[in-house]
Amino acid sequence: MELVTGRRPTDFEFNEMEDKKVGAYSLIKLVESRVKLNDINDIVDQALKIEFDSNEEESIADILNISLECTQDNPGYRPTMEEIIIKLNSMPH
C-alpha cells in the first residue's frame, strides 16, 4: 500500500483526514474504500502517475487488494507468502 500510494500508515494526514467519499481515517481504510468504489486514481502516488491503460490500472487494483489481504486484523485470514507469490505471478505482465 505504501509503495502504490506514497503514503505511510502513520502519516499525520490520517489524524485529521476524513475521506469525503466514505469517511476513512487510516491508510488501510482509505485504500479499502477506494478499491471497493473502483476509484483508485486519486490515491496512486503522484510519482507513479503516468498515463496507464485499464489493464495497468487493474493490476494496481489487484496489488492493492493483495495488500489489503495482508493487513487483515486476524492473522489467520492473511495469505501466506506462497499464496501472495502465486497471485502476483498470475497477474498479467
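Describe numerically, in nm with one decimal, the distance between label points set 7 Å from Cα along Cα→Cβ at Tyr25 and at Leu3.
3.0 nm
Can you give the Kirkwood hydrodynamic radius for region 26-93, in Å, rounded to one decimal and based on Cα pairs?
Working: mean 1/r = 0.0772 Å⁻¹.
In region 26-93 this quantity evaluates to 13.0 Å.
What is the sum of charges, Lys and Arg at +1 and Asp and Glu at -1, for the other residues whose Cβ falls under 14 Å from the Cβ of Pro92?
So the surrounding residues net to -4.
Just to be sure I understand the model, the point goes 7 Å from the Cα along the line to the Cβ. What's the resulting Asn41 to Glu82 distance in nm?
4.1 nm
Determine, for each peptide in 28-40, 79-91, the mean count of other beta carbons within 10 angstrom over its residues, then list the peptides with the highest first.
28-40, 79-91
Read-outs: derived from the displayed coordinates by stated rules, not from any lab. Not measured: the values here are computed from a predicted model. Using ideal geometry, Cβ is built from the backbone for each residue, glycine included, and neighbour counts are taken over all protein chains shown.
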